[in-house]
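Only one structure is covered here, and it is reproduced in the block below.
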Amino acid sequence: MAERLVNIYTRFERFWHWAQALLIFVLMFTGLGLHGMHHLLYFGQAVTLHTIAAVALMVLWVFAIFWHLTTGTWKHYVPRRDGLWRMVRFYAWGVFRCEPAPYHKGYWRKHNPLQVLAYLSLKLVLFPLMWVSGLAYLTYNLWQPGTADASLKLELIANAHLISGYLIASFVVLHVYLLTVGHFFEHLRPMVTGVEKVDLSPEEEAYLEADEPYRLKG
């Protein structure tokens with residue numbers, strides 16, 4: 001393995017990451033306002049802003065899914081067991097004892113096994129639950145006329161939306177907290193510049209030097 005500075009995050013990947021983060025924070029802020037946690041916005045303003053941010057995030061996700069499928073980067077999210085329990089132990093125990101991380105990022109394996117499971121559950125479970133419940137909530141009057149069990153259905157939809165929202169918010173809090181493990185700016189900088197020091201196998205290094213030399217920065 002050779003350690004090299006590599007541009008591993010494309011412009012779109014960085015744009016997608018930061019735009020998604022901004023929209024999620026807008027949704028969290030307006031969602032808390034809708035539930036009376038703050039009164040910085042009028043209710044109507046919060047509903048409008050929440051809806052606009054939700055639609056924008058869904059559109060962004062459509063483009064992101066297309067990008068992942070066409071560029072092959074979906075492979076970074078294929079789960080694997082190798083090294084999983086080492087990462088669980090590191091986050092649960094080793095990180096508090098200043099032990100070195102048992103995982104080193106590579107060009108074709110950006111995420112450690114625990115990150116893969118977390119991102120996969122977010123993409124395949126929590127976000128779909130958020131979209132489906134949110135759209136059902138928004139269009140409730142269109143598909144559910146006044147019936148005897150209308151209020152029960154609305155309550156179930158609202159609770160599903162709320163639970164998924166809190167779970168996504170918990171993920172965001174944990175994600176930000178883990179940035180503080182080690183050197184904060186070293187974790188943050190790659191998602192700004194796109195460049196990070198990673199381990200390259202001989203095959204990866206040969207591929208980059210032959211086909212994508214512009215990615216090699218040092």
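The values are calculated or read from the model by the stated rules, or taken from the named source; none is laboratory data. Keep in mind the model is a prediction, meaning the values are calculated, not measured. Side chains are part of the model used for accessible areas, which takes the heavy atoms of the whole protein and leaves out ligands, DNA and RNA. Shrake-Rupley method; radii C 1.70, N 1.55, O 1.52, S 1.80 Å.
Across the range 207-215, computed HN-Hα scalar couplings (Karplus, 6.51 cos²θ - 1.76 cosθ + 1.60, θ = phi - 60°) run 4, 5, 5, 8, 9, 9, x, 5, 6 Hz from first to last residue, x flagging Gly and Pro.
With runs of 4+ DSSP H residues as the only contributors, calculate the mean residue ellipticity of the chain at 222 nm using -39,500 (n - 2.57) per run, divided by the residue total and rounded to the nearest 500. Let's see the in-between values first.
Values: 10 runs with 136 residues, N = 218.
Rounded to the nearest 500, the figure is -20000 deg cm²/dmol.
Sequence-distant contacts, meaning Cα pairs under 8 Å at least 6 residues apart, place the relative contact order of the chain at 38 percent. Solvent-accessible area of the range 6-53 (1.4 angstrom probe, protein heavy atoms only): carbon and sulfur portion equals 74 percent. Taking 21 Å as the straight-line reach from the Cα of LYS217, the lysines in range (excluding those fewer than 8 positions away in the same chain) are LYS105, LYS110, LYS197.
Take the Cα pairs of the range 43-140, get the Kirkwood Rh, then feed it into Stokes-Einstein at 25 °C and 0.890 mPa s and tell me D in µm²/s. For the chosen part, D equals 152 µm²/s. At a probe radius of 1.4 angstrom, the accessible area of the chain per residue rounds to 63 square angstrom.
As a length-normalised measure over Cα pairs under 8 Å and 6 or more apart, the relative contact order of the range 19-83 settles at 30 percent.
Given the Cα atoms of the chain, and with Rh set as the inverse mean 1/r over their pairs in the Kirkwood sense, what is Rg to Rh to two decimals?
Working: Rg = 20.6 Å, Rh = 19.9 Å.
We get a ratio of 1.03 for the chain.
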